[in-house]
Amino acid sequence: MRWLSLSLLEVDSLAVEFRTRRGIIRAVDNVSFSLNKGETLGLVGESGSGKSTLGHSLIRLVPYPGLIVGGHIKIGGKDILSCSEEEMRFIRGENITFVFQDPMTSLNPVKKIGAHLVELIRTHKPDISKEEAVKLAESALNDVGISPERIDDYPHQFSGGMRQRIMIALAIALNPDIVIADEPSTALDVIVQAKILDLLESLRDAHGMALILITHDISVVLERCEKLIVMYAGNFVEYADSLSLHKDPKHPYTQGLLRTVPNIELADQKLEGIPGSPPDLLDLPNGCRFWPRCPQVMSMCRKKEPPMIELGDGHSVRCFLYEGAKR
Amino acid sequence: MSVIVDVDHLKKYFPVQKSFFEKLFTRTTDYVKAVDDISFSVRKGEVFTLAGESGCGKTTTGMLLAMLLEPSDGRILFEGEDIAELKSEELRLLRRRIQIIFQDPYASLNPRMRIGEAVGHPLEIHGLAMGSAKTKKVLEMLEKVGLTPPERFVDLYPHQLSGGQRQRVAMARSIILGPEFIVADEPVSMLDVSLRTVLIDLMMDLRKELELTYLFITHDLAVAKYISDRIAIMYLGKIVELGNKEEVFSNPLHPYTEALLSAVPVPDPERNRKTIELKGDVPSAIHIPSGCRFHPRCPHVFARCSAEEPQLRGTKRNHQVACHLVRK
């Protein structure tokens with residue numbers, strides 16, 4: 001597929017394993033997707049679904065004992081899995097960046113926020129002067145709605161929402177092509193959360209970046225993203241644009257997920273939970289990983305793992321129910 | 001419906017710790033006004049929700065009602081009796097009737113206590129059952145909260161259970177004394193989405209079966225809308241709006257409630273977002289703004305707001321609001 005090479009990010013049959021004493025955990029198993037300029041992709045799943053691990057592997061920062069064991073990640077056509085660690089340091093920040101989950105612990109408490117930014121800028125651009133770096137830092141703060149006068153303040157002088165803005169300033173300071181935000185809003189209250197997500201969207205439009213939102217909250221991604229990936233126990237179970245995913249969810253897990261989320265705009269909503277709980281990744285069921293909780297389970301689901309089935313229009317699903325619909 | 005809990009001008013101030021030098025040079029003590037004069041009543045059998053952002057005082061209110069904190073001022077009446085005036089023996093009896101479920105099922109269970117011991121512990125403390133009678137009761141409770149077969153769970157330790165199962169254990173522990181009133185402090189917010197609904201449904205089934213009244217504390221307004229009968233919205237230690245769920249959600253009167261509701265994500269890609277922007281952040285609960293405490297952020301602020309604190313007043317049946325904009 002030649003056209004794929006136009007996209008900003010291409011992930012092809014990526015697999016990540018955690019080699020623990022209790023055994024090997026496949027946290028991300030054979031996933032493929034691509035991302036274009038200006039797009040927002042939502043990665044949604046419950047805890048342990050592998051969504052954060054997938055995010056970390058895109059910048060090659062899977063924490064020990066995690067290991068990328070297969071596949072390719074191409075950013076702008078370049079396979080980052082074959083880059084040296086030195087090259088990778090520059091790809092992070094300039095091509096792809098990450099906004100970490102917890103703004104309370106991700107900033108150095110004894111370092112002024114300006115110093116965080118200036119260090120980042122001067123590491124990546126060693127030939128610019130300190131004054132220029134400070135100017136760039138100020139404009140990054142300005143972009144995220146923090147007054148540049150506060151450049152000499154310490155992290156503890158900011159509220160949670162403001163700290164999250166500083167994290168975003170760090171992520172966009174070098175004008176990257178792709179920003180990954182891992183649960184950018186979970187630690188925050190709804191009002192602050194909405195502001196942070198609005199900010200990420202406006203930066204995406206202003207700088208022409210692509211955005212990947214990782215979250216457990218399907219409401220957030222349905223509202224904000226064009227494309228969605230639903231993950232379950234390390235696998236993609238469904239990949240579609242958000243409109244068709246909302247109107248016509250295919251995978252029984254996605255259907256269940258949509259029936260379990262309360263919608264504040266509906267009166268007298270009837271919600272249904274999904275019985276059971278997500279599997280232990282060390283002890284996965286045979287066949288489809290969702291079958292023990294699936295209301296439409298068939299005998300083959302227990303024997304064989306379903307493949308990702310292409311349904312057309314960019315909608316694909318990992319479920320035997322749609323095998324006939326394959327094209 | 002009769003009233004089970006009546007809260008009357010309740011306040012809880014926490015003194016701010018000072019360093020030695022500050023103590024030498026200053027005379028005044030600062031207070032965090034976590035709960036600052038709130039009044040409401042919970043009716044028997046209903047789900048009354050306290051909702052608001054972090055720091056609004058909702059959890060402190062829950063702790064006060066569960067008698068885990070003592071109020072700085074004001075009264076809490078349980079079935080008409082002032083709990084501050086009860087003697088220790090009466091208080092001990094009352095504690096059987098009021099229970100609490102905490103947010104974090106990883107922290108609220110003793111890691112070295114088997115499930116059976118943890119659930120049966122309240123019976124021992126209150127001297128209600130021992131030995132086989134206790135075991136029987138524990139098994140019955142585990143069954144009620146859906147941990148079946150209960151025999152499989154009694155000898156397990158908390159780390160062997162998932163988050164959803166632990167929260168069920170916490171629930172079993174809270175109902176074993178046969179309470180009437182349960183404070184549920186964010187009982188589902190630490191759980192995965194696919195488990196929340198199941199647990200909420202369990203709570204609602206238990207309410208019917210055991211005739212419970214819930215004080216439900218949450219920051220998640222979509223969940224609040226799903227389960228509550230009445231809801232109170234808190235901001236910086238005060239109730240700004242209180243009413244029937246349908247009223248508050250379809251016809252919010254306070255500008256803060258309006259902004260809060262507009263910020264809630266809706267699982268629908270076709271909806272047009274209209275978030276009401278609020279200026280700045282929630283101010284500190286030590287230096288509360290004058291007049292209406294929401295006025296520095298309010299989009300409709302006018303002169304009177306910074307001078308005079310609005311009182312919670314009824315606009316119509318079952319709907320009260322504390323805002324100068326709203327007239328009778």
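The values are calculated or read from the model by the stated rules, or taken from the named source; none is laboratory data. These numbers were taken from a predicted model, which means no experiment stands behind them. With ideal geometry, Cβ positions are generated from the backbone for all residues, glycine too; neighbour counts draw on all protein chains shown. Please note that ligands, DNA and RNA were not included when accessible areas were found on the heavy atoms of the full protein model with its side chains. Shrake-Rupley method; radii C 1.70, N 1.55, O 1.52, S 1.80 Å.
Computed quantities for the displayed model
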quantity	calculated
Estimated dipole of chain A in Debye, rounded to 20 [Cβ of Lys and Arg +1, of Asp and Glu -1, Cα centre]	940
For segment B:148-221 and segment A:18-65, distance of Cα centres in Å	31
Mean separation of Cα contacts under 8 Å, 6 or more apart, over the residue count of segment A:157-245: relative contact order %	23
Table column - 3J(HN,Hα) (Hz), segment A:293-310, Karplus curve with 6.51, -1.76, 1.60, x for Gly and Pro	10, 7, x, 10, 5, 10, 5, 5, 4, 7, 9, 10, 7, x, x, 6, 9, 6
Residue mean of other protein chain beta carbons inside 10 Å, B:223-236	2
Per-residue mean of C-beta atoms belonging to partner chains within 10 Å, peptide A:267-273	5
Taking all pairs of distinct alpha-carbon atoms in segment B:88-153, Kirkwood radius in angstrom	13.1
Estimated [θ] at 222 nm from DSSP helical runs (n ≥ 4, -39500 (n - 2.57)) normalised by residues in chain B, nearest 500	-10000 deg cm²/dmol
Under-5 Å amide H pairs with B:Val183, H placed in peptide plane, nonlocal only	B:Gln99, B:Ile100, B:Ile101, B:Leu215
Cα pair distances in segment A:274-327, grouped into 5 Å bins until the bin that holds the longest one, percent each	4, 20, 25, 22, 17, 9, 3
Rounded to 10°, Cα long-axis angle of helix B:88-97 versus longest principal axis of chain B	90
Residue-wise HN-Hα coupling along segment B:224-231, computed from phi with Karplus coefficients 6.51, -1.76, 1.60 (Hz; x: Gly, Pro)	4, 5, 5, 10, 7, 8, 10, 9
DSSP-defined antiparallel bridges as percent of all bridges, the protein assembly as shown, nearest 5	60
Dipole moment magnitude, nearest 20 debye, segment A:193-234 about Cα centre, only Lys, Arg, Asp, Glu C-beta charged	80
Largest-first principal axis extents of the Cα set of chain B (Å)	68, 60, 42
Proximal lysines to B:Lys208, defined as alpha-carbon separation beneath 20 angstrom and excluding residues fewer than eight positions away on the same chain	A:Lys270, B:Lys44, B:Lys137, B:Lys144, B:Lys225, B:Lys245
Residue-averaged 222 nm ellipticity for chain A, from DSSP H runs of 4+ at -39500 (n - 2.57), nearest 500	-9000 deg cm²/dmol
Geometric extent, Cα atoms of segment B:174-326 - Rg, Dmax (angstrom)	17.5, 54
Summed side-chain charge close to A:Thr53 - residues other than A:Thr53 whose Cβ falls under 11 Å, Lys, Arg +1, Asp, Glu -1	-1
Positive dipole terminus of segment A:110-193, leading residue within A:Leu120, A:Ser139, A:Met167 (C-beta point charges)	A:Leu120
Percent of alpha-carbon pairs separated by more than 16 Å within segment A:29-87	51
Between helix B:131-144 and chain B: long-axis angle, C-alpha atoms, 0 to 90°, nearest 10	50
Residue (of B:Val32, B:Val7, B:Val183) at the positive-pole extreme of chain B, dipole from beta-carbon charges	B:Val32
In degrees, nearest ten, helix A:190-207 long axis to first principal axis of chain A (Cα)	80
Rg/Rh (Cα only; Kirkwood hydrodynamic radius) as it applies to segment B:1-160	1.06
Accessible surface, chain A, averaged per residue in Å² (probe 1.4 Å)	44
Global form of segment A:215-280, assessed from the alpha-carbon gyration tensor, a/c cut-off 1.5	oblate
Calculated P(r) of the protein assembly as shown - Cα pairs past 32 Å, %	56
Net +/- balance of residues flanking B:Met63 in space, Cβ distance below 13 Å, scoring K and R +1, D and E -1	-1
Alpha-carbon radius of gyration plus Dmax, which is the widest Cα pair, for segment A:74-171 in Å	14.3, 42
Protein heavy-atom accessible area occluded, B/A pair - total, 1.4 Å probe, Å²	3400
Apportionment of accessible area to carbon and sulfur, chain B, percent (1.4 Å)	51
Dimensions in Å of chain A - Rg and Dmax from alpha carbons	20.6, 68
Local electrostatic count, A:Gln164, Cβ distance below 13 Å [Lys/Arg +1, Asp/Glu -1]	-3
Coil-residue chymotrypsin sites (Phe, Trp or Tyr not before Pro) of segment B:241-328, DSSP, other Cβ within 10 Å capped at 13	B:Phe302
Positive dipole terminus of segment A:205-327, leading residue within A:Leu311, A:Leu266, A:Leu321 (C-beta point charges)	A:Leu321
Cβ-placed point charges (K, R +1; D, E -1), dipole of the protein assembly as shown about Cα centre in debye, nearest 20	720
Partner chain coverage, peptide B:187-194 - average Cβ within 10 angstrom	6
Largest to smallest principal axis extent of the C-alpha atoms in segment A:201-322, angstrom	50, 36, 30
Where A:Leu67, A:Leu271 fall by accessible area, highest first, once all protein chains stay in place (1.4 Å)	A:Leu67, A:Leu271
Residue of B:Gln103, B:Gln17, B:Gln311 that the Gaussian network model of chain B assigns the largest fluctuation, springs spanning Cα pairs under 10 Å	B:Gln17
